[in-house]
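First the structure, then my questions, so here it is.
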Amino acid sequence: MKEVPIEKALTYIEPGPVVLVTTSDGRKNNVMTISWTMAIDFDQHIVLTTGEWNYSFGTMMRTRECVICIPPAQMIDKVIRIGTVSGVDTDKFSLFHLKALPAQTVQAPLLDGCIACLECKVTDYIERYGFVVLKVMRVVENRDCTDQRMIHARGDGTFTADGETFNCRKLMADKLPPGL
Ligand SMILES: Cc1cc2nc3c(=O)[nH]c(=O)nc-3n(C[C@H](O)[C@H](O)[C@H](O)COP(=O)(O)O)c2cc1C
């Protein structure tokens, strides 16, 4: 995992991938699957939608931090299964053979085998909508990951992987943030 400029955070959240969110209470690591995420500005603020029905939520609120990991398409089965059991009674790192790597700005771990990880601090929680507002503190990429396709949920139990890329950077020139 190699640190890259913080501006790259947007390129992982703007496409709306299914992500794995890690938390740590200092004794145990946990991970959950999240498909509802959103970029909200060019200053590395992002939102994920969750609530107290998830075990991760309590840890996230108490520690005020988490790591958003971007899994490759080839991890799809594991990604879904992670989102069907709870850390309240399961050690998901052991059950799913996940390898935790140390982060630098938060206690929650990076996930080995993911395309990239975003170390985040919680800045706000809007209870009415379950919006957890995060500020990305550090971005690392795994360029050795042979599968760089992100996963996208279609909302009906089917998923797609990244496909064709259209390079419209010239047309978009006025709209691109500095650093990207
Ligand atoms: C594909 C997929 C997407 C999910 N997206 C979300 C989401 O956006 N928000 C949410 O709160 N839960 C979502 N979940 C459910 C949580 O991942 C699930 O409740 C998980 O068991 C929570 O784990 P925890 O109790 O260890 O925190 C999703 C599950 C799957 C399988």
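Residues of segment 81-110 being away from the ligand (no atom under 13 Å from the Cβ), in contact with a helix residue (DSSP H, G or I) (Cβ under 9 Å, 6 or more places away or on another chain), touching a residue at least 24 places away in the same chain (Cβ under 8 Å) and not polar (S, T, N, Q), which ones?
Matches in segment 81-110: Ala100, Val106, Pro109.
State the number of residues belonging to segment 7-31 that are under 19 Å from Gly163 (Cα atoms) and either open to solvent by less than 10 Å² (accessible area, probe 1.4 Å) or within 12 Å of the ligand (Cβ to nearest atom) (or both). Working first, answer last.
Going residue by residue through segment 7-31, those that are under 19 Å from Gly163 (Cα atoms) are 10-19.
After this cut, where a residue has to be either open to solvent by less than 10 Å² (accessible area, probe 1.4 Å) or within 12 Å of the ligand (Cβ to nearest atom) (or both) as well, the list is 13, 16-19.
Final tally of qualifying residues: 5.
Something else now. Please work out which residue is surrounded by the most Cβ atoms within 10 Å (Cβ to Cβ), limiting yourself to segment 84-130 and to residues that are closer than 13 Å to Glu65 by Cα and β-branched (Val, Ile, Thr).
Val106
Separate question: Scan segment 38-52 for residues that are open to solvent by 20 Å² or more (accessible area, probe 1.4 Å) and more than 7 Å from the ligand (Cβ to nearest atom) and jot them down.
Scanning segment 38-52 gives Met38, Ala39, Ile40, Asp41, Phe42, Asp43, Gln44, His45, Glu52.
Of all residues being under 16 Å from the mean Cα position of the chain (by Cα) and charged (D, E, K, R) in segment 100-139, which is nearest to Gln74 (Cα to Cα)? Just the residue, please.
Asp112
Hey, another quick one. Answer with yes or no whether Ser56 is open to solvent by 10 Å² or more (accessible area, probe 1.4 Å) and touching a strand residue (DSSP E or B) at 6+ places or on another chain (Cβ under 6 Å). It would help to see each step written out before you state the result.
Working: open to solvent by 10 Å² or more (accessible area, probe 1.4 Å): no; touching a strand residue (DSSP E or B) at 6+ places or on another chain (Cβ under 6 Å): yes.
Taking the combined requirement at face value, the residue does not satisfy it.
The values are calculated or read from the model by the stated rules, or taken from the named source; none is laboratory data. Every value quoted in this text rests on a predicted model; they were computed, and no experiment measured them. All Cβ positions, even for glycine, are placed from backbone atoms using ideal geometry, and neighbour counts span all protein chains on display. These accessible areas exclude ligands, DNA and RNA; they are computed on the full protein's heavy atoms, side chains included. Shrake-Rupley method; radii C 1.70, N 1.55, O 1.52, S 1.80 Å.
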